[in-house]
1. What number goes with the only condition from (1) assigned to a helix (DSSP H, G or I); (2) open to solvent by 10 Å² or more (accessible area, probe 1.4 Å); (3) not aliphatic (A, V, I, L, M) that A:Asp47 does not pass?
2. Pairs, please: C-beta under 8 Å, at least 6 apart or cross-chain, first residue over 21 Å from A:Asp241 (Cα atoms) and in the range A:191-209, second open to solvent by 60 Å² or more (accessible area, probe 1.4 Å) and in a loop (DSSP other than H, G, I, E, B)?
3. With the condition being within 14 Å of chain B (Cβ to nearest Cβ), β-branched (Val, Ile, Thr) and surrounded by fewer than 22 Cβ atoms within 10 Å (Cβ to Cβ), I'd like the helices (runs of 4 or more DSSP H) fully within the range A:65-164 carrying at least 1 qualifying residues.
4. Could you please find all residues in the range A:50-61 being touching a helix residue (DSSP H, G or I) at 6+ places or on another chain (Cβ under 6 Å), part of a helix (DSSP H, G or I) and open to solvent by 10 Å² or more (accessible area, probe 1.4 Å)?
5. In the range B:165-175, what residues are over 22 Å from A:Asp152 (Cα atoms), open to solvent by less than 30 Å² (accessible area, probe 1.4 Å) and in a strand (DSSP E or B)?
6. Please find, among B:Ala179, B:Ala155, the residue that is in a loop (DSSP other than H, G, I, E, B) and small (Gly, Ala, Ser).
7. Among A:Leu203, A:Leu207, which is the only one that is of a type in the set (A, V, I, L, M) and either away from chain B (no Cβ under 11 Å) or more than 30 Å from A:Gly103 (Cα to Cα) (or both)?
8. Among the numbered conditions (1) of a type outside the set (S, T, N, Q); (2) part of a loop (DSSP other than H, G, I, E, B); (3) within 12 Å of another protein chain (Cβ to nearest Cβ), tell me where A:Leu171 comes up short.
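The values are calculated or read from the model by the stated rules, or taken from the named source; none is laboratory data. The structure presented is a predicted model; accordingly, all values stated were derived computationally and were not measured. FYI the Cβ positions are ideal-geometry reconstructions off the backbone, even for glycines, and counts take in every protein chain you see. These accessible areas exclude ligands, DNA and RNA; they are computed on the full protein's heavy atoms, side chains included. Shrake-Rupley method; radii C 1.70, N 1.55, O 1.52, S 1.80 Å.
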Amino acid sequence: MTRIIVVTSGKGGVGKTTTSAAIAMGVAQKGHKTAVIDFDVGLRNLDLIMGCERRVVYDIVNVIYGEATLNQALIRDKHCEQLYILPASQTRDKDALSQEGVGQILEELAAKDFEYVVCDSPAGIEKGAHLAMYFADDAFVVTNPEVASVRDSDRMLGILSSKSRRAEQGLEPIKEYLLLTRYSPERVRIGEMLSVADVQDILSLHLLGVIPESKSVLTASNSGMPVILDEKSDAGQAYADIVARYLGEDKPHRFIEEKKGLFGKFFGSK
Amino acid sequence: MPNNPPILEFKSGSFSVPILVLFTDDLKAIKQQLQEKVDLAPEFFKKSPLIFDVQKLNKQGHSVDISALVDIMRQFGLLPTGIRGGNAQQNKEALELLIPVYSVHTSTTLPDTQKQKIVIPEPVADINTTATTLITRPVRSGQRIYASGDLVVLAPVSAGAEIMSEGNIHIYNTLRGRALAGVQGNADARIFCSDLQAELISIAGNYKISEAISSNVGKKSVQVYLQGHTLIIQDIV
């Protein structure tokens with residue numbers, strides 16, 4: 001059985017592509033055959049984050065229009081041989097995607113024994129985002145701890161529960177998970193950021209994990225290495241925890257509390 | 001590509017439709033009586049939709065030829081749009097004439113002894129009863145829910161969501177969005193909520209926006225009702 005995961009948010013710039021890359025890599029490293037698809041046609045980024053931009057020949061639009069086979073378009077990742085990337089087209093726009101075309105690609109991936117397909121959604125709630133989530137079984141809702149992002153996520157959750165294939169066919173609803181990214185306990189303490197509890201109160205969603213604000217994310221993106229491969233970084237570890245939790249392991253949440261400095265350790269600061 | 005304009009939408013509505021209750025299978029007598037009624041108010045009956053009720057007739061053991069009956073009604077300019085209280089055979093005949101079948105609250109499959117005990121509701125009450133709508137999943141920003149009866153919500157209603165009801169609204173959770181009760185003008189409708197942080201509340205078109213709602217009404221059970229044209233928010237103790 002192939003499990004289709006959509007990484008979505010509504011709002012842009014919250015870390016969807018970073019998350020897609022990290023999750024796909026994490027799941028694949030656990031030995032599951034995984035594909036990650038970039039639905040952001042026209043603003044192709046996933047290939048950069050995955051470090052395969054120099055190997056892109058064909059893309060998802062070529063496959064949909066029959067100009068290339070899926071095998072030709074899939075790029076095998078250089079770090080993990082269980083992971084494949086299907087890039088977006090940079091020269092077209094989202095209208096080049098079609099529901100039948102996307103459905104066929106997903107069916108073909110299932111026939112090729114892919115266990116997980118991660119769909120990296122573009123921002124917004126228009127066609128690209130709609131097609132990215134339409135066939136999903138699980139949704140990773142990426143949210144920053146600020147009100148605009150939370151509201152957009154809420155809107156996206158409404159669309160997931162009313163306009164997806166599962167909703168239209170009256171099947172069991174999409175499983176929705178909350179991923180809180182760019183979290184900074186220090187800024188929560190001084191009231192600059194919503195806390196985990198605030199966000200959960202508004203979204204009433206199962207929290208899969210918190211990814212702390214981290215320089216390693218930018219470094220990883222610029223070097224084309226999914227941040228999960230940087231095992232020393234807190235963001236990398238946070239994504240590893242999330243993958244483990246998603247696959248059924250019981251891991252306590254980290255990165256929600258402030259790291260206590262040497263001074264804090266001595267005096268038990270809060 | 002711009003957003004597609006909506007092509008169609010299903011809405012629910014309730015109409016008051018005259019019901020013709022028949023007591024005899026004597027087509028000639030029916031025709032005569034109908035003629036008299038129509039003569040009294042020809043404009044009223046002209047092209048009027050009509051549901052005919054054959055339940056009393058069936059009870060007496062009479063049976064009537066549905067297609068002949070429909071012909072008579074049409075002769076007088078009436079437009080039969082439904083049958084009520086018919087047996088399986090009559091319903092089948094009606095459907096063949098593309099006339100929808102409406103149920104009375106009694107089931108025709110019940111044995112006769114049980115049938116006697118059931119009180120047949122007044123036709124008016126029958127049209128106005130609408131079921132309660134129950135929502136158990138969160139109502140997300142951008143979603144709209146419309147209930148023609150009462151609306152009961154067990155999950156949070158997010159900011160940017162809109163819930164509307166022709167009757168009362170009960171929210172056993174946090175209301176952050178908009179809640180509009182009595183949207184068809186029922187001034188007796190109320191809103192009950194266990195944590196009121198609404199953007200807007202309205203009863204029968206009289207509304208209060210979040211700015212006008214005191215901030216200390218949240219986190220406890222309150223009810224909202226209309227007094228004159230003023231919305232009153234009151235604790236439920």
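1. Checking A:Asp47 against (1) assigned to a helix (DSSP H, G or I); (2) open to solvent by 10 Å² or more (accessible area, probe 1.4 Å); (3) not aliphatic (A, V, I, L, M), the one that fails is (2).
2. A:Met193/A:Glu146; A:Leu194/A:Glu146
3. On the way: elements: A:70-73, A:99-111, A:127-134, A:147-163.
Qualifying helices (runs of 4 or more DSSP H): A:147-163.
4. The answer is A:Glu53, and nothing else.
5. Kept after step one, since they are over 22 Å from A:Asp152 (Cα atoms), are these residues of the range B:165-175: B:165-172.
Filter once more, so that each one left must be open to solvent by less than 30 Å² (accessible area, probe 1.4 Å): B:165, B:167, B:169, B:171.
Answer for the range B:165-175, where residues must be over 22 Å from A:Asp152 (Cα atoms), open to solvent by less than 30 Å² (accessible area, probe 1.4 Å) and in a strand (DSSP E or B): B:Ser165, B:Ile169, B:Ile171.
6. Numbers: B:Ala179 fails: in a loop (DSSP other than H, G, I, E, B).
None of the other options fit; the residue is B:Ala155.
7. Numbers: A:Leu203 fails: either away from chain B (no Cβ under 11 Å) or more than 30 Å from A:Gly103 (Cα to Cα) (or both).
Being of a type in the set (A, V, I, L, M) and either away from chain B (no Cβ under 11 Å) or more than 30 Å from A:Gly103 (Cα to Cα) (or both) holds for just one of A:Leu203, A:Leu207, which is A:Leu207.
8. Exception for A:Leu171: condition (3).
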